[in-house]
Amino acid sequence: MLKRFFILCSGADADILADCSNGEQNKYVGIGATVFFTAIMAFIAASYALYTVFDNYFSAIFFGLIWGFLIFNLDRFIVSTIRKKDNFIDELLQASPRIVLAIIIAVVISKPLELKIFEKEIDRVLLEQKNDFTLANKEQIATQYTPVVASIDAEIASLKEEIVTKETEVNDLYETYIAEAEGRKGTELIGKGPVYKEKREKHDTALAELVDLKKANVDKVATLEAQKVQLATEYEDQVLNSQPIIDNFDGLMARITALSELPWLPSFFIFLLFLAIETSPIFAKLISPKGEYDYKLADIEDEVKTWVAQKEGQRAVLLETDHTINDRVYGDLTEEEELYAYKKKIAREMMKKQQDAFYKRQTGIL
């Protein structure tokens, strides 16, 4: 049962192989087994690759089965269409398009399995990329808020500087009226005279303005600080909202890109392994000598070709003979007087009828 199944996988004619030796049958059993297990590997690889896309087992298995059947059909077609010839170069030229197709299939099959084999290394590369993306994302979002925050900080500094300037002014006025009272400056008279009172009033007025200024600027600074807190909250919200996108950066394309950053030699050997598996049925048929099955298959195909050519020749001869007979028949008919007289009579009656019809039509017009 298993032998029949692998022969079916090889694409060989089971009826022809049934009359061949066991060695010939085993050769095609091996080719069919290679085709079958290549399809199994294609199913596993496609299922894993599609799972990274759909993140669903049922969808991955369903489409993986379709891909496995497709690869199975392609490999079976490739192997079954190679015909043994007497010249190896002719066989190689015949198989070259199929070899190219096998290389493409090997690349498609091997890549998802490489992703699975090097999953831990790829995860490390993706983690580094995610960290870089996180930092770059924070910097990019910060560029939206940094100018606004800098403007608020400048405004707060200006308000505080305004208070400091006013305090300096008040302190200077305080020193002025104290020095006047002590006789160190101004009129240099000790005591609280009119000049002292005038300077004291200026100080008191400035002090009252300083109190009002502090109150107003403190309120403004509190409002600006609240704006800074709000901007910081918005910044954190944007960072948190965009972080899941970065965290989900582990799809198929991201993993393939991460795989390309790893050393190429291990991946290349895995590709060579699948290339050997995929092309082994083709090269098995190329390097194997022309066997009993090949001779019998060629004999059947030549028999069909001969039969078709014979049918075409018979049809050509039959058509040529029919043309020759028709020429002789109609040639003999041209020499019969009875046929000539009958056709002449019919033609005379037809011409009379045409003339009568023409006369009636012309009379009707007049």
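Just so it is clear, none of the values below were taken in a lab; they were calculated from the coordinates. Bear in mind the structure is a predicted one, so any value in this text is a computation, not a measurement. Cβ placement follows ideal geometry from the backbone for every residue including glycine, while neighbour counts extend to all protein chains displayed.
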Helical segments meeting 24 Å axial Cα length and Kyte-Doolittle -1.0 threshold in the chain (DSSP H): 22-54, 57-80, 88-117, 119-182, 194-247, 264-287, 292-333
Computed [θ] at 222 nm, helices only, for the chain once each DSSP H run of length n ≥ 4 contributes -39500 (n - 2.57): -32000 deg cm²/dmol
Listed peptides 41-47, 113-119, 124-130, 56-62 by packing density, highest first (mean Cβ within 10 Å): 41-47, 113-119, 124-130, 56-62
For peptides 254-264, 225-235, sequence by mean Cβ density within 10 Å, most packed first: 254-264, 225-235
Packing-based ranking, highest mean first, of 340-350, 149-159 given that Cβ atoms within 10 Å are counted: 149-159, 340-350
Spin-label pair K305/I44, simplified geometry with 7 Å Cα→Cβ offset, distance in nm: 4.3 nm
19 Å Cα-Cα threshold exceeded, pairs from K27/K285; K84/K311; K160/K215; K85/K311: K84/K311; K85/K311
